[in-house]
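Read-outs throughout are calculated quantities, based only on the coordinates presented, and are distinct from any laboratory measurement. This one's a predicted model, so the numbers in the text were calculated from it and none came from an experiment. So basically every Cβ, Gly included, is an ideal-geometry build from the backbone, and we count neighbours across all protein chains shown.
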Amino acid sequence: MKRVTDAVRESLAIKVFLVCFAAVHIPLIALLLYLGLDRPSDPVPILIVALAATLAGCALSLVAIVRFVSPIDRLVKAVDRYQQEGVEPIVEVGGHDGVRRLAEKLLSLVRMQEQHMRTLRIQANSDALTGLGNRRWLYNAASVELNRAQRLDQGVWIIMFDLDHFKSVNDTYGHGAGDDVLMTVAEITLRQLRPYDLFARLGGEEFCIVASDKSPELGPILAERVRAAIENSSPVVAGKAARITASIGVHKGDPTSESFSDMVRQADVALYEAKAKGRNRVVVGSGPTTPRSLVGS
């Protein structure tokens, strides 16, 4: 008996068959009961009983169909919303039949897809070597930061730097050693920043910091702190302490009149000026093409 009960609970087809069977036979059963109770055999009462039983069978069929089909409708609506709005579908389906198993499988596939997409988004927006954000991440995060700085009437400091003579590290000790240096520089730089400053590796040995503040000197002070920390880091390369330095360009951007791309371009101009002036120094840009050397060694 338990096997039969379990088969009925787990099979949507059997449930539909039983409902259809009951709906079809309700009028016949009602007539048999009516006649078995020695009721008048006039056509009118018999017609009324048959009609009432037929309506009852239809009502039973409608309720059963709604109950069987409504989870599928909810699944379809949830998946549509997921496709249009990105809202992860959550649909509770009772019972143990095929509809519930379908819902569980579908929702499981959607969750797996979401997890996969989250992983891809993280990979697409982060630097695999240092764990920092990459260029794509920085530009997305910077748009939010510029809006925030504009609301708070703050300036946006762009600090661009790359490592001096880094190619010689790769050429002399190999790319593995170069990777170690990049990871060390990333860790050292992070220690100099505030928790909410943006920091990304743009590629190769080039890095960018975005820091917003009302202070007129935050950018140069922060840039010099980073430069000194890198110079004093002495990372171990091939078993020996190496001297690593950085050239840094700084630009104070105005979020009300400059795009982030323009700010980065100005900081880049200052960075190349720092290289031209002997490297291992900070240059603060004072205009579109006239950077000025502020700090150096």
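Fewest first, what order do 175, 165 take by the number of other Cβ atoms within 10 Å?
175, 165
What does the charge count near residue 150 come to, summing +1 for each Lys or Arg and -1 for each Asp or Glu among other residues with Cβ under 12 Å from its Cβ?
In short, -2.
Give the order of 58, 208, 20 when sorted by the count of other beta carbons within 10 angstrom, beginning with the fewest.
So the residues, fewest neighbours to most, are 58, 20, 208.
How much net charge surrounds residue 197 when only the other residues with a Cβ under 14 Å from the Cβ of residue 197 are counted, with Lys and Arg +1 and Asp and Glu -1?
+2
Sort 277, 252, 214 by Cβ crowding within 10 Å, fewest neighbours at the top.
Ascending Cβ contact count within 10 Å gives the list 214, 277, 252.
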